[in-house]
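To start, the structure itself, in structure tokens.
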Amino acid sequence: MTPTNEMQIRFTAVSGNESFARVAVAAFVAQMNPTMDELTEVKTIVSEAVTNAIIHGYPDGFGEVTLQCKIVGDTMELVVSDSGVGIADMNAVRQPLYTSRPDLERSGMGFTIMESFADEFDVVSSVGHGTHLKFRKRIGEASMPLSAARES
Amino acid sequence: MSVNVRTKRVGGVLVASLQGELDDHSADAVRKALDRELDAMSPPRLVLDLEGVTFMDSSGLGVILGRYRKISERGGQMRIASVPAQIHKLFAISGLHKVMHVHAKQGEAVRALKEVSQ
């Protein structure tokens, strides 16, 4: 299916950009008339994916994150990419409570949350080359869109 | 974005109310603000009020679980109060609501902690 609308943002991998990324994607998908719950889930997916790229993709603290978002019919397609160290053990990162950075007091729930909030979630990673987190999420499945909630 | 941490003492209980977005960027400041006060308490007793939290991800769960572990290790108690609906979902996914006591209101959580310590 041909994308009806798309955008791409590239930004420095610093934690101060996490809220920027959330707000940017939320503003883009607002045209899909999401519910409040859907918008919160989209923002959470973006936050987890971007944080993952910043903390785990670039443990030395230098790099860039690319965020691509497409609206295809009633579906949002999102790809969050880094060119960092990659994921060596894919099975481990998908386990709830697993974290490779216990020193940072991480909960180890990031992948579980992304899997729960997205309809489809794929990870493509190459050690030494980087990671792409790919999501698909249908928008507008619930009964009350954000615009109606604002008016009520 | 940052989180504002407002604290007060009610009896021997530290009540901390968070306002703002709790993510990886703000987590460290929240952690330090809470630990500064908890380290001076023996045993530590904390009610964490989340009513003013407008966004939270797994970084926030890490802060909460980290405080829970530290407080438990020192023989203290911790309660969560006023969890917004969107954060309830994170608690359910992570199983946090099975580990921690969650109360609808701050006053209820404080009373529960006082009863436990008597």
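For the reader, a short list of remarks on this structure follows.
- Given charges at beta-carbon only (K, R positive; D, E negative), |dipole| of the protein assembly as shown in Debye: 1060
- With θ taken as phi - 60° and the Karplus curve 6.51 cos²θ - 1.76 cosθ + 1.60 applied, the whole-hertz 3J(HN,Hα) list for the range B:46-58 is 10, 10, 9, 9, 9, 3, x, 7, 8, 7, 8, 10, 5 Hz, x standing for glycine and proline.
- Taking all pairs of distinct alpha-carbon atoms in chain B, Kirkwood radius in angstrom: 14.0
- Under 12 Å, Cβ to Cβ, from B:Ile93 - net charge with Lys/Arg +1 and Asp/Glu -1: -2
- Centroid-to-centroid separation of the range B:34-90 and the range B:4-28 [C-alpha atoms, Å]: 8
- For the range A:5-151, average projected area of the Cα convex hull in nm²: 8.6
- Kirkwood Rh in Å, taken over the protein assembly as shown so that all alpha-carbon pairs contribute: 19.5
- Summarising the amide proton neighbourhood of B:Val53: residues at separation of 5 or more, or on other chains, whose placed amide H is nearer than 5 Å comprise B:Gly20.
- Using θ = phi - 60° and Karplus 6.51 cos²θ - 1.76 cosθ + 1.60, couplings along the range A:58-73 (whole Hz; Gly, Pro as x): 10, x, 8, x, 10, x, 10, 10, 10, 10, 10, 9, 10, 10, 10, x
- Trypsin sites (Lys or Arg not before Pro), loop per DSSP, at most 14 other Cβ atoms within 10 Å - longest free stretch of chain B: B:1-73
Coordinate-derived values only; no laboratory data. Just so it is clear, the structure is predicted and the values come from calculations on it, not from any experiment. Neighbour counts run over all protein chains shown; Cβ positions are idealised from the backbone, glycine included.
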